[in-house]
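What follows is one structure encoded as structure tokens, with my remarks underneath.
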Amino acid sequence: MWEALKAERGARIAELLRDDGRAADFSVSCDGMLFDYSKTAMTADARAGLLALFDARGVAARREAMFAGAQINETEGRAVLHVALRNISGGPIRVRGQDVMPGVRATLARMERFSQEVRDGRFRCAGGAVRDMVGIGIGGSHLGPEMAVRALAPFHDGPRCHFVSNVDGADIADTLRPLDPATTLVIVASKSFTTQETMLNAATALGWMAAEVADPAAQFVALSSAVERTAEFGIPPERVFGFEDWVGGRYSLWGPIGLALMIAVGPEAFRAFLAGGEAMDGHFRTAPSVRNMPVMLALTGLWHSHVCGYPTRAVLPYDQRLARLPAYLQQLEMESNGKGVNMAGEPLDGPSGPVVWGEPGTNGQHAFFQLLHQGRQVVPCEFMVAARGHEPDLAHHHRLLVANCLAQSKALMRGRGPDEARALMAAAGFAGADLDRQAAHRVFPGNRPSTTLVYDRLTPRRLGQIVALYEHRVFVEGVILGINSFDQWGVELGKELADEIAPVLAGERDADARRGAGRDGSTRQLIAFVRGLSDA
Ligand code: F6P
């Protein structure tokens, strides 16, 4: 599938940009955002080939199938309808003949009522109004809310918001220590309500609260599809916000899993976030492919991963409040497209979706950018930056932030050749062999690809657009790769083995048992070593 496109590799980005029309031509704008992919080595012919692939792989039909509620998550027999959660001004969406929108709207209205009660103090804890919320969840039930609450800090006017995800007791201990149980609301977010880490953390939080509060469960809320299990935990139905199996964990921020965000920023801002997602859905469904932001973001991604063969990509938000976006995208992209087989269960004929990593700028510049500029491996960089910040009196900070972002993409592309490096060193007084050696360390190969997404300011609506943009990018890449982006079987084996090892570590089961945890020498040794240290 990629062979013909591979012949298109090898252009120099700076050469391509000699064409004055390239920047505009290799960019997509949408509702005030600009996605510029002109600083890549994608030629016009390569783009045509990628767009042909988009058509040949039937992405448009699959896209409509998703929006129509078809069971495109074939390995789990489920529809994929996180888009319904933000279809606020849209019409009916049917799953097995049943319109899901009345349920979506009713749940949203319940969330709004509850959020308002918490925000205006009508919801009472043992010690009065809620002062702190603790969101307990992991993976898709954690990364989205945590990322979004941080992203929208300037809009935060509700109770303080904290998150616990790791089963490491350090996480919950450090989080709960400064809080007062009598004024804390605990939000347990788990689609399945069986996830080991979340259930243990929820039980620990309940115990912490029970030590101070007569009716601790009264200060618990559950966000889950498993209503019977939330009842077993002791949370009554009026404080359970449910959702259907057609909302995948890593796509769930738009519904009840977003409750902490709604309480933090208020229902109106949350609706603006949904509206942003809905606007991006409309763009994704209707814009011609070459002017379609998620499509071109996806095709640029595939160009780098599957045509150029770069195994990773860096997400670099020059926006400190998007500090958790790389972690969020790691789950979104790698749990979705990190698969080894296609829909038919056959091995993929190339790599899976790429490794995604990153940090906000400018911090990353003082950490790993050395490798981005001079390392032998090429990492495509995805920059994103807001034209304006939320701190008018610190506009000079923001100008420097933007300047750094634009400078980095230019430096990656431009590089610094040996002659320029030699001239610089000669001017600094070096000569002869010393000059040669010193100049070699100051050469930048350049021609390193990057894309840049520019938006005005990080508002709730903008965040909704950005999150939906990346969701749809994952979708397009997944369909072209033939992957089911909506299951995650690859996380199961480790969970099963942890369940086997835990009782061995606790001394409840023999590590030498022929089956299970003790079977391999390395794990047996590690268990013994840990036990030796912890028993000491
Ligand atoms: O890591 C696997 C996973 O199933 C994710 O897909 C999901 O987001 C996370 O665990 C949490 O699951 P739950 O919401 O059921 O607790």
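The values are calculated or read from the model by the stated rules, or taken from the named source; none is laboratory data. Computed from a prediction, not measured in an experiment: that's the story for all the values here. Cβ placement follows ideal geometry from the backbone for every residue including glycine, while neighbour counts extend to all protein chains displayed. Quick note on the areas: whole protein, heavy atoms, side chains included, nothing else; ligands and nucleic acids left out. Shrake-Rupley method; radii C 1.70, N 1.55, O 1.52, S 1.80 Å.
The listed peptides 448-456, 178-186, 471-479, 359-367, ordered by packing as a protection proxy, come out as 471-479, 448-456, 178-186, 359-367 (highest mean of other Cβ atoms within 10 Å first). Taking the C-alpha atoms only, the angle from helix 395-414 to the longest principal axis of the chain is near 50 degrees. The residues of the chain expose on average 43 square angstrom of accessible surface per residue, using a 1.4 Å probe on protein heavy atoms. Ordering of 311-318, 298-305 by packing is 298-305, 311-318, highest average first (other Cβ atoms within 10 Å, averaged per residue).
Secondary structure note: in region 268-400, about 10% of the DSSP beta bridges are antiparallel.
Legend: residues 268, 333, sorted from most to least accessible area (1.4 Å probe; ligands, DNA and RNA excluded), read 268, 333. Given +1 at the Cβ of Lys and Arg, -1 at the Cβ of Asp and Glu and no other charges, the dipole of the chain around its Cα centre is 1060 debye to the nearest 20. For region 362-480, the convex hull drawn through the C-alpha positions has a volume of 131 cubic angstrom per residue. Once all protein chains are placed together, residue 53 keeps about 20 Å² accessible to a 1.4 angstrom probe.
The heavy atoms of residue 9 offer some 110 square angstrom of accessible surface to a 1.4 angstrom probe. Expressed in Å, the radius of gyration and Dmax of the Cα atoms of the chain are 25.3, 81.
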